[in-house]
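The values are calculated or read from the model by the stated rules, or taken from the named source; none is laboratory data. Worth saying up front: this structure is predicted, and the values here are computed from it rather than measured. Neighbour counts run over all protein chains shown; Cβ positions are idealised from the backbone, glycine included. To get the accessible areas, we keep the full protein, side chains included, count just its heavy atoms, and leave off ligands, DNA and RNA. Shrake-Rupley method; radii C 1.70, N 1.55, O 1.52, S 1.80 Å.
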Amino acid sequence: MKLNSAIAAALLATGVYADDASKVDTTESSTSVAVEIPTFTPTTLKAPFLEQFTDGWDKRWKPSHAKKDTKGQEEEWAYVGEWSVEEPYKYKGMEGDKGLVVKNAAAHHAISAKFPKKIDPKGKPLVVQYEVKLQKGLECGGAYLKLLRDTKALHQDEFSNATPYVVMFGPDKCGATNKIHFIFNHKNPKTGEYEEKHLSAAPTASIQKTTELYTLIVQPNNTFTIKRGGDIVRDGSLFDQFSPAVNPEKEIDDPNDKKPEDWVDEARIPDPEATKPEDWDEDAPFEIVDEEATKPEDWLEDEPLTVPDPEAQKPEDWDDEEDGDWVPPTVPNPKCADVSGCGPWSKPMKKNPDYKGKWTAPYIDNPAYKGVWAPRKIKNPDYFEDKHPANLEPMGAIGFELWTMQNDILFDNIYIGHSIEEAEKFAQETFFKKSAVEKALEDAEKPKVDDKPKSPSDLKFLDDPVLYVKEKLDLFLTIAANDPIQAIKFVPEVPTAVGGLLVTIVALVGIFTMGGAAPEAVKKTAGDAKEKAKDAKDKAAEAVATGAENVKAEVNKRATRSQQS
């Protein structure tokens, strides 16, 4: 055991040096396959509103200091969340590319930017596109934007959840809810009132730490398209995929119509002419004794179902006078375990073939049935038909009004305009350049199954020093039991470590026996031993290839055992 411990200590030392030497190759290898990160260059594209958060962004974007509208609630909330423009720290896919960042967790945030001039989508496509990067993921919170209605009362300092908006679009997640919102406010042409129209069965948002691109396109023909990462995840019509519907029903139920008292809406009734058959016995039991049953031959009628526990002992502190006579607890009778049963036998019950239960009359179609009653329809006094719901209200600003449990949500490369082609070009310049880089950085962080050692010869010292020493020493001793020469050839680390250990011992003996510095004879011996150990290591390394075949079976067996453990 002491020898094994000494060898193990020597292996630890040689393992460190071996891994240090391999570090250079690993570093050089990783550098050669490093992902090239592009450098941010501001776009030359033009749009009604295009934001990349370059210099001067703080002149366009103003945080809100309003209080949140909490009607019906006693508690007041203020928009205290802070904002910053900075580069991402998680999977940075483009050098110098900055975005607008939510800085506080569990806080209400609100910030907005006015458009240079109002955006009126009437008769033109409306294209909304922006990037979202959830650097810390998203457990509960929103990352959507709002396009605010162009009004004289639009003040950035007062932007809140009560500020009128035209479109709300983007990801929102909390618990099991995970969706890409698309809500538009529709103006009732008869009353002038606005009503939110929510996309039914909204597509799911992408909850990941790499950048995601969200695109909304509303066409003049009243159709819409939602893209995620450039791929269509939902499209359809503004008329039939929103709740409540854009246009109300032409007819509605008459609220004054009442069901007549003599209205019969029972479709089937018991047959009034049916009578109970004379042979119908309602008193016959459900089960009767099986008179044909016989007691099984192995039934132990004289054996009780339970017996006193033979292993139970009366507690030492049991007082018969105070506690009464001690009775051991009972356990199931072991003799009953392998037989049909124990104790008094009685005939079992069986289903009564004459049982019919309580008689009831069969059902027939009701001759007086008039059908399911429904109130009569009348013309809807509030009916209107908007044939162009895509003609949304003019918009004067963009805003983020959010509450989130995770901070460091980053928004970037916002496009609000009318050109699908320009938005796609913008995405090619920005999102698609950084997306590939971010995916590569994310994949590099993931553990690779192939990196797990397949055999002791694949082990690296720094990955697990204890396992390295144990497996190397154990393999050497196992092979050496059959063929010491092959053990030295195939596991050269052990003899190398032993050689280094002997050199150290010789040097120490010389120092302590001779006193002071080691004499020249000892130094020479130590030097010679060191050279021989180095020579043995070189020869062992050369012999590994030729000796591998001889011990292949042994290594495979141990590799399998190592993986199973």
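Rg over Rh for the range 111-165 works out to 1.01, both radii taken from alpha-carbon positions and Rh defined as the Kirkwood radius. Rounded to the nearest 0.05, the FRET efficiency derived from the C-beta distance between Ile288 and Thr330 at R0 = 30 Å is 0.35.
If you bin all the Cα-Cα distances of the range 221-298 at 5 Å, starting from zero, the percentages per bin are 3, 7, 7, 8, 6, 6, 6, 6, 6, 6, 6, 6, 7, 7, 8, 4, 1, 0. A simple count of charges around Asp325, restricted to other residues whose Cβ falls under 12 Å of its Cβ and scoring Lys, Arg +1 and Asp, Glu -1, yields -4.
To the nearest 10, the accessible area of His418 is 50 Å² with a 1.4 Å probe. Each listed q (0.12, 0.24 Å⁻¹) maps to a log10 I(q)/I(0) for the range 326-431, found by the Debye formula over equal Cα scatterers with no solvent: -0.90, -1.37. In vacuo Debye scattering of the range 178-271, one point per C-alpha: log10 I(q)/I(0) at q = 0.11, 0.25 Å⁻¹? Here the Debye-derived log intensity ratios amount to -0.54, -1.34. Highest mean packing comes first when the peptides 432-443, 269-280, 101-112 are listed by Cβ atoms within 10 Å, giving 101-112, 432-443, 269-280.
Converting the Cα gyration tensor eigenvalues of the range 34-120 into ellipsoid dimensions via √(5λ) gives semi-axes, longest first, of 31, 20, 9 Å. Here the range 306-350 exposes an accessible surface that is 49 percent carbon and sulfur, computed with a 1.4 Å probe and the other protein chains kept in place. When Rg and the Kirkwood Rh are both derived from Cα coordinates, the Rg/Rh ratio for the range 178-335 amounts to 1.44. Convex hull volume per residue, computed on the Cα atoms of the range 62-210, equals 166 Å³.
Summing Lys, Arg as +1 and Asp, Glu as -1, what charge do residues with Cβ under 15 Å from the Cβ of Lys379 carry, Lys379 excluded? That works out to -3. Ignoring ligands, DNA and RNA, what percent of the 1.4 Å accessible area of the range 76-219 is carbon and sulfur? Ligands and nucleic acids excluded, carbon and sulfur give 47 percent. Looking at the range 165-302, the accessible area is 59 square angstrom per residue; that uses a 1.4 Å probe and ignores ligands, DNA and RNA.
Within the set of other residues whose C-beta is less than 11 Å from the C-beta of Ala47, count the net charge using Lys and Arg as +1 and Asp and Glu as -1.
My count for the surroundings of Ala47 gives 0.
Quick check on packing: order 249-261, 233-245, 126-138 by the mean number of other C-beta atoms within 10 Å, highest mean leading.
Ranking, from highest mean packing down: 126-138, 233-245, 249-261.
Surface listing: Lys152, Lys470 arranged by accessible area from highest to lowest gives Lys152, Lys470, probe 1.4 Å.
The modelled label-to-label distance between Asp320 and Asp271, using points 7 Å beyond Cα along the C-beta direction, is 7.8 nm. The H on the amide N of Gly236, modeled in the peptide plane, is under 5 Å from the matching H of Phe224, each at least 5 residues off or on a different chain. Ordering 177-190, 156-169, 316-329 by mean Cβ neighbour count within 10 Å, with the highest value first, yields 156-169, 177-190, 316-329.
Using amide H atoms built in the peptide plane, which far-off residues or other-chain residues are under 5 Å from Ala162 H to H? HN-HN under 5 Å from Ala162: Asp69. Listed cross-link partners Lys146/Lys433; Lys173/Lys209; Lys133/Lys187; Lys67/Lys136; Lys122/Lys173; Lys209/Lys448 are compared with a 24 Å cut-off, the Cα-Cα value being larger for Lys146/Lys433; Lys133/Lys187; Lys67/Lys136; Lys122/Lys173. Here, P(r) means the percent of Cα pairs in each 10 Å bin from 0 to the largest distance; for the range 152-227 it is 15, 38, 35, 11, 1. Note that the range 353-367 has calculated 3J(HN,Hα) couplings of x, 9, 6, 10, x, 6, 7, 9, 6, x, 8, 9, 4, 6, x Hz, one per residue in order, obtained from phi through the Karplus relation 6.51 cos²θ - 1.76 cosθ + 1.60 (θ = phi - 60°); glycine and proline are x.
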